[in-house]
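The values are calculated or read from the model by the stated rules, or taken from the named source; none is laboratory data. Because the structure is predicted, anything quoted here is derived from the model rather than measured. As a convention, Cβ positions derive from the backbone with ideal geometry for all residues, glycine included, and neighbour counts pool all protein chains shown.
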């Protein structure tokens with residue numbers, strides 16, 4: 001199989017992006033100290049009830065986030081907190097990025113795939129300028145389904161106009177890897193133990 005017949009599609013969080021810019025820790029590691037919004041309290045109000053609808057595009061992020069903040073008695077503006085989250089989850093793995101930049105020299109176009117709502121997808125591509133580093137993104141709010149669902153992979157293949165067998169998912173979540181394989185994709189479970197360039201070369205050589 002020639003390099004141009006493989007279309008690598010990388011997970012974002014856990015592969016290309018790994019947490020806070022300062023130290024790579026979780027975005028909410030110091031959320032309470034920075035915003036006075038307790039992650040657990042907000043999670044019970046927002047994520048337990050609305051996460052699936054937000055991530056699959058049935059609801060925008062800000063209205064339910066505003067409701068959840070009011071419910072826990074916080075005066076923090078929802079848009080400000082959303083951008084705090086985005087900023088605190090923007091540490092780019094430089095080794096992975098370097099391999100993404102090198103991929104076109106092998107005839108490879110790199111795409112991204114993520115469970116995400118519209119605002120952060122735009123943040124990743126525009127504010128973080130990942131649109132200058134990769135050839136595109138497929139995300140759950142756009143697809144109307146989450147990445148562990150077969151429909152996500154059918155949407156991704158159709159949206160990009162590629163045959164499933166030519167697509168290679170690199171993802172740190174095993175469930176996503178298994179679903180991709182069931183959808184006739186190639187898929188690799190990312191652990192960070194092997195360089196992305198090595199993963200791509202190994203798959204090209206099969």
Pick from region 160-174, criterion in a helix (DSSP H, G or I) and in contact with a strand residue (DSSP E or B) (Cβ under 6 Å, 6 or more places away or on another chain), ranking: modelled with the highest pLDDT: 174
All positions within region 57-85 that are loosely packed, with under 15 Cβ neighbours inside 10 Å and closer than 22 Å to residue 20 by Cα: 77, 79, 80
Residue under evaluation residue 108, criteria (1) over 18 Å from the mean Cα position of the chain (by Cα); (2) surrounded by fewer than 19 Cβ atoms within 10 Å (Cβ to Cβ), criterion not met: (2)
Residue check, residue 88 buried (at least 17 other Cβ atoms within 10 Å of the Cβ) and in contact with a helix residue (DSSP H, G or I) (Cβ under 6 Å, 6 or more places away or on another chain): no
Residue that is nearest to residue 100 (Cα to Cα), among those in region 159-174 that are within 15 Å of the chain's Cα centre (by Cα) and in contact (Cβ under 8 Å) with a residue 40 or more places away in the chain: 170
Test result for residue 37, at negative phi and in contact (Cβ under 8 Å) with a residue 60 or more places away in the chain: no
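Results for (1) under 17 Å from the mean Cα position of the chain (by Cα); (2) more than 27 Å from residue 105 (Cβ to Cβ); (3) in a helix (DSSP H, G or I), shown as yes or no for each residue.
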residue	(1), (2), (3)
138	yes, no, no
146	yes, yes, no
176	yes, yes, yes
187	yes, no, no
194	no, no, no
198	no, no, yes
